[in-house]
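To start, the structure under review is shown below, and the notes come after it.
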Amino acid sequence: MTLYDVDLPKAEEIDIPALKEKYKQERDRRMRNEGQNQYIKPTEDFEYVYEGDPYTPVTPREPIAKEFEVVILGGGFSGIMAGVQLRKAGIDNFCNIDHAGDFGGVWYWNRYPGLQCDNDAYCYFPLLEEMDYMPTKKFTEGYEILEYAQSICRKYGLYDNALFHTLVNRVNWDEEGKCWHVRTKQGDDIRGRHLIVANGLLNIPKLPGIPGISQFKGHMFHTARWDYDYTGGSQRAPMLDKLANKKVAIVGTGATAIQLVPYLGKYAEQFYVLQRTPSCVDTRRNSETDPEWVKSLQPGWQEERRANFHRGANERYQANEPDMIVDIWTEVNRRLTDEFNSEDHYPDMAEYADRRDVMDFRVMERLRRRVDAIVKDKATAELLKPYYRYQCKRPTSNDNYYETFNRPNVHLVDVSESQGVERLTENGFVANGKEYEVDCMIFASGYEVTSDLDRRWGFEEFTGRDGLSMYDNWAGGYKTMHGVMTHGFPNMYIVGLNQGGLNSTLTKNFEEQSKHISYIIKEVKRRGASVAEVTKEAQDAYIQHLRETEMDRTEWIRECTPSYFNNEGKPDVDENGNEKYRFYLGEVYGPGWDAFMKLLEDWRTNGELSGLELD
């Protein structure tokens, strides 16, 4: 245990009805009618936020016209896993396209000071046993993740046909040629018999639409395009010495800011943290990998650990099952299981849900008490306390975040009453009616995650059969079979979280989806077909099965504070006037991950490609 750990309060110590009301009040005063439109797209004056690459110089080249069996849009872990599984399936004629200067996805773009994997690296790193590799820490550094991702690409030959610094703007199905046309800002015309959309969950940075954002004359940048030329230092040596005489402000207090704030507080002359909603922050307890532990591991250890993590984070532990992870992600279920084991009683689902609800309040109260144990100024401590349900915002951990607010040069500026920063001026920002002069504005405002599909994907045009827009196709919600194919878009497959099973390890989802997609592509080719498309009947049947079995999260999502988790709390309204809330994990298969894996395996074993129409 660390210095500032606090005990878990007993249920009778907290007033749960009063907390429920407090949660509602805190949520309501942060709600904005604009929803996703409170953010602006990184276009025109701000296109550098998405298109610019501060890390790798762009090498000019002539436009390319090529044909491939498979075109993969994306070079992050989803695109990498797609390439790996294609290789394993014996499909070699493919290319990855990405606007970054190399493979890595979000780990290529995110290079801010303090960046680490904020959940268990032994689970997050894919293919560890296959690659004969072990992360150096439980929460390992961002640059190590990037290097590891690129080592996978070298091993599986993904660099052979990869196109970097290539920005896709139009994707169209060619009915006559039975292929996909992928056109780019660089003038390329790439054709692919099959198309895998693997552009990731954290793809397009978003900027807060603060009035006056174009008027600010100081320096500003998004954390996904960190400017070490301005701050000094580097990702491996984040000594931000150029900020010694600078007044700096950061907008946002999510998972990025939790890791970054201690560095800015340490080096800036004056530092302002602009907070709408606080994160919950536990101690990190990071540790270097023990060589003796590594020697003790048996074949299959990673999948066993991932399964344990998944049950702890999103389902439930089995009776007497130990928690292999032991961090903020598994605390609620770990505490519950400890109680059940001490009682020699493992309840049914109804009792389990009731007791988990209570444990949720207890753990969040522990995290609030942790703030009081660390932050000296009581008014500041109160503002830093999270009043919402566990996992309404991404759980975070850091051993220096709260301590940073004890520094005399660090100032917490609460902007919850105005639901964000009021405006920017030429010289700084206005919050709560007061102007603060700053030299630099840093936006830790995240990515387009649950916003409209055109904002998330960023392609100017994406059409399938008969010119059907993909953006119109999914405008009323996801429409897929198995979460990877959609009617009207032949030979197209999606890697991501939309309609299917959910594993707590994101990369595990990508691995399994890519395996399923590669099987379909291989089978289509083996049967001499050129086109495979899910029928509308099969798609409708899958959606009906999914929705009949999924857990109804409507009330939980509605009660959460606005964030990218729930499209800023603004629901869609269907043709019948019913509200439907978006969720960053998509529509989750209710029977659970293992049941979903069995559903896919049974479908493949059946061998009939049920639900697909082959041409």
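The values are calculated or read from the model by the stated rules, or taken from the named source; none is laboratory data. This one's a predicted model, so the numbers in the text were calculated from it and none came from an experiment. Glycine also receives a Cβ, built like all others from the backbone with ideal geometry; neighbour counts cover every protein chain displayed. Only protein heavy atoms, including side chains, enter the accessible area calculation; ligands, DNA and RNA are left aside. Shrake-Rupley method; radii C 1.70, N 1.55, O 1.52, S 1.80 Å.
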Please go through region 431-475 and pick out each residue that is assigned to a loop (DSSP other than H, G, I, E, B), of a type in the set (A, V, I, L, M, F, W, C) and in contact with a helix residue (DSSP H, G or I) (Cβ under 6 Å, 6 or more places away or on another chain).
Ala444, Val449, Trp474
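The rows are residues; the columns are (1) of a type outside the set (A, V, I, L, M); (2) open to solvent by 40 Å² or more (accessible area, probe 1.4 Å); (3) modelled with pLDDT of 95 or more.
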position	(1), (2), (3)
Asp227	yes, no, yes
Ala244	no, yes, yes
Lys247	yes, yes, yes
Val251	no, no, yes
Any chance Leu336 is surrounded by 17 or more Cβ atoms within 10 Å (Cβ to Cβ), touching a residue at least 60 places away in the same chain (Cβ under 8 Å) and hydrophobic (A, V, I, L, M, F, W, C)
no
I'm trying to understand the selection: among the residues of region 101-113, which are within 18 Å of the chain's Cα centre (by Cα) and in a loop (DSSP other than H, G, I, E, B)?
Phe103, Gly104, Gly105, Asn110, Arg111, Tyr112
Within region 68-99, which residues are part of a loop (DSSP other than H, G, I, E, B), surrounded by fewer than 21 Cβ atoms within 10 Å (Cβ to Cβ) and either of a type in the set (D, E, K, R) or under 22 Å from the mean Cα position of the chain (by Cα) (or both)?
Asp92
Within region 129-147, track down each residue that is within 30 Å of Arg455 (Cβ to Cβ) and surrounded by fewer than 21 Cβ atoms within 10 Å (Cβ to Cβ).
Tyr143
Among Asp354, Asp399, Asp372, Asp414, the single one that is open to solvent by less than 50 Å² (accessible area, probe 1.4 Å), acidic (Asp, Glu) and farther than 30 Å from Glu129 by Cα is Asp414
What tally of residues in region 131-170 results from selecting those that are assigned to a loop (DSSP other than H, G, I, E, B) and among the small types (Gly, Ala, Ser)?
2
What about Ala255, is it open to solvent by less than 10 Å² (accessible area, probe 1.4 Å) and closer than 30 Å to Glu435 by Cβ?
no
For region 251-277, how many residues are among the small types (Gly, Ala, Ser), more than 22 Å from the chain's Cα centre (by Cα) and not in a loop (DSSP other than H, G, I, E, B)?
1
Matching residues in region 259-316 - criterion: being aliphatic (A, V, I, L, M), more than 28 Å from Tyr401 (Cβ to Cβ) and in contact (Cβ under 8 Å) with a residue 12 or more places away in the chain:
Val294
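Matching residues to (1) more than 18 Å from Ala541 (Cβ to Cβ); (2) among the β-branched types (Val, Ile, Thr):
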| position | (1), (2) |
| --- | --- |
| Glu460 | yes, no |
| Gly464 | yes, no |
| Asp472 | yes, no |
| Gly477 | no, no |
| Thr480 | no, yes |
| Gly488 | no, no |
| Asn491 | yes, no |
| Gly496 | yes, no |
Kindly indicate whether Asn199 is part of a strand (DSSP E or B), under 30 Å from Phe443 (Cα atoms) and not charged (D, E, K, R).
no
Taking region 519-571 and the residues there that are at pLDDT 95 or above, polar (S, T, N, Q) and open to solvent by less than 70 Å² (accessible area, probe 1.4 Å), the one that is nearest to Cys280 (Cα to Cα) would be Gln539
Given the conditions (1) more than 26 Å from the chain's Cα centre (by Cα); (2) open to solvent by less than 20 Å² (accessible area, probe 1.4 Å); (3) free of Cβ contacts under 8 Å to residues at least 60 places away in the same chain, and given that Thr486 satisfies all but one, which numbered condition is not satisfied?
(1)
Could you check Lys206 against (1) at pLDDT 95 or above; (2) on the phi < 0 side of the Ramachandran plot; (3) in contact with a Ser or Thr (Cβ under 7 Å, 6 or more places away or on another chain) and say which number it fails?
(1)
Of Glu288, Glu292, Glu343, Glu339, which residue is acidic (Asp, Glu) and within 26 Å of the chain's Cα centre (by Cα)?
Glu288
Verdict on Ser563 being within 26 Å of Ser445 (Cα to Cα) and out of contact with any Asp or Glu (no Cβ under 9 Å at 6 or more places or on another chain)
yes
Identity of the residue in region 312-365, touching a strand residue (DSSP E or B) at 6+ places or on another chain (Cβ under 9 Å) and acidic (Asp, Glu), that ends up nearest to Lys138 (Cα to Cα):
Asp327
With (1) more than 27 Å from Lys393 (Cα to Cα); (2) open to solvent by less than 70 Å² (accessible area, probe 1.4 Å); (3) modelled with pLDDT under 95 as the list, and Asn320 as the residue in question, which single condition is left unmet?
(2)
For residues that are closer than 30 Å to Gln25 by Cβ and without any contact (Cβ under 8 Å) to a residue 12 or more places away in the chain, scanning just region 431-467, find the one that is surrounded by the most Cβ atoms within 10 Å (Cβ to Cβ).
Glu435
Of the residues in region 207-250, those that are of a type outside the set (A, V, I, L, M, F, W, C) and assigned to a loop (DSSP other than H, G, I, E, B) number 16
Scan region 285-294 and tell me whether some residue there is touching a strand residue (DSSP E or B) at 6+ places or on another chain (Cβ under 8 Å), under 30 Å from Phe221 (Cα atoms) and of a type outside the set (D, E, K, R).
yes
Pairs with Cβ under 9 Å, 6+ apart, first in region 239-256 and basic (Lys, Arg), second crowded, with 24+ Cβ neighbours inside 10 Å and in a helix (DSSP H, G or I)
Lys242/Thr231; Lys246/Thr231
Does Glu44 count as without any contact (Cβ under 8 Å) to a residue 60 or more places away in the chain and either aliphatic (A, V, I, L, M) or open to solvent by 10 Å² or more (accessible area, probe 1.4 Å) (or both)?
yes
